[in-house]
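K.L.:
What follows is a single structure, and I will ask about it in a moment.
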Amino acid sequence: RTALFQIVSLDEKQNICSYQKGWAPDFLAMICPHCGATLDGESDSIVLHCHNCYRAWVEDRGQFVSVTWHAGKNPRDGLAQLPFWKVTLETTGVDIKSFGDYLRKTNQPMVVKKDYDGEPFSFIVPAFKLQPKMFLTLSKRFTVAQMKLIKGKREDYGKLYPVTLPLQEVVESLKTLLVTSSVYKKRVAPAIENISIKLIGNELMYLPFSQHGNDLVQNYSNIAVPSSTLRLGRKL
């Protein structure tokens, strides 16, 4: 530390930027703000979990902020639980007010049931890093299949895969997700500049997956995620 300040003093004589206090690292103890228990999470995870009070936390400007979350209903022990951001939206410039509106506007090849019009417009997006093409593909598939996803109890969750994709990056990709999820992209893309999307709610949801060969298959929707894309995503 003494040598550092000596070097800084020499640099100041040469009109080089001196040491700033903001360069020093800050430390935040991994203690649950609610109950005081130790938080659990891998080194690359941006969300930490408390196994005592079942709350989840994310760091924001030097302090922990609570994250709304739930685990998927897990019919068997030992299943991997992959995280997804569920973002609920309001749009202007395009008339999408419900999940039913989303299916109609994007021309999805499925029957739009009456109760779909009572569900808010939400995207279901992977909360872990993937290659861009796979990220967009899985976002579309899980968004379309969201009525099949079943909530479980927080106490029932198994092994949680780390959250590595910040919510802010998901928000920045919403317009792209809207275009790529449309069957007729050429109809939606020209109007995208006039579309405004506002985030009105979000939660973190973990869904159970079973290993089938080289893929992880989601238990409710049968959507497959190649294991190789997960390994590559940990390096992005």
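K.L.:
If r is the Cβ-Cβ distance from Ala189 to Glu42 and R0 is 41 Å, what FRET efficiency results, to the nearest 0.05?
P.N.:
Efficiency for this residue pair is about 0.60.
K.L.:
Given springs between every Cα pair under 10 Å in a Gaussian network model of the chain, which of Ser173, Ser182, Ser210 has the largest fluctuation?
P.N.:
In the Gaussian network model the winner is Ser173.
K.L.:
Are there chymotrypsin sites (Phe, Trp or Tyr not before Pro) in segment 167-221 that DSSP puts in a loop and that have at most 12 other Cβ atoms within 10 Å, and which ones?
P.N.:
Tyr184
K.L.:
Continuing with this model, one more query. Give, in nm to one decimal, the length gained when the segment between Cys35 and Asp60 is fully stretched (0.36 nm per residue of separation minus the Cα-Cα distance).
P.N.:
Answer, rounded to one decimal: 7.1 nm.
K.L.:
Please list log₁₀ I(q)/I(0) at q = 0.11, 0.13, 0.23, 0.24 Å⁻¹ for segment 90-186, using the Debye equation with identical point scatterers on the alpha-carbon positions.
P.N.:
-0.37, -0.51, -1.33, -1.39
K.L.:
Using only Cα atoms, tell me the angle between helix 132-144 and the longest principal axis of the chain; keep it within 0 to 90° and round to the nearest 10.
P.N.:
Approximately 50 degrees, to the nearest ten.
K.L.:
Based on Cα positions only, what radius of gyration and what Dmax would you give for the chain, in angstroms?
P.N.:
21.7, 74
K.L.:
I'd like to know how segment 170-211 sits against the 2.2 N^0.38 Å rule of thumb: what's its Cα Rg over that expected value?
P.N.:
1.54
K.L.:
With all protein chains present and a 1.4 Å probe, how do Lys105, Lys114, Lys198 order by accessible area, largest first?
P.N.:
These residues rank, largest area first, as Lys114, Lys198, Lys105.
K.L.:
Another question about this same structure. Where does each of Thr164, Thr68 land when they are ordered by accessible area, with a 1.4 Å probe and the largest first?
P.N.:
Thr68, Thr164
The values are calculated or read from the model by the stated rules, or taken from the named source; none is laboratory data. Remember, it's a predicted structure, so these values are computed and weren't measured experimentally. Don't worry about glycine lacking a Cβ; one is built from the backbone with ideal geometry, like all the others, and counts go over all protein chains shown. For the accessible areas, the whole protein counts, side chains as well, though only heavy atoms, and no ligand, DNA or RNA atoms are used. Shrake-Rupley method; radii C 1.70, N 1.55, O 1.52, S 1.80 Å.
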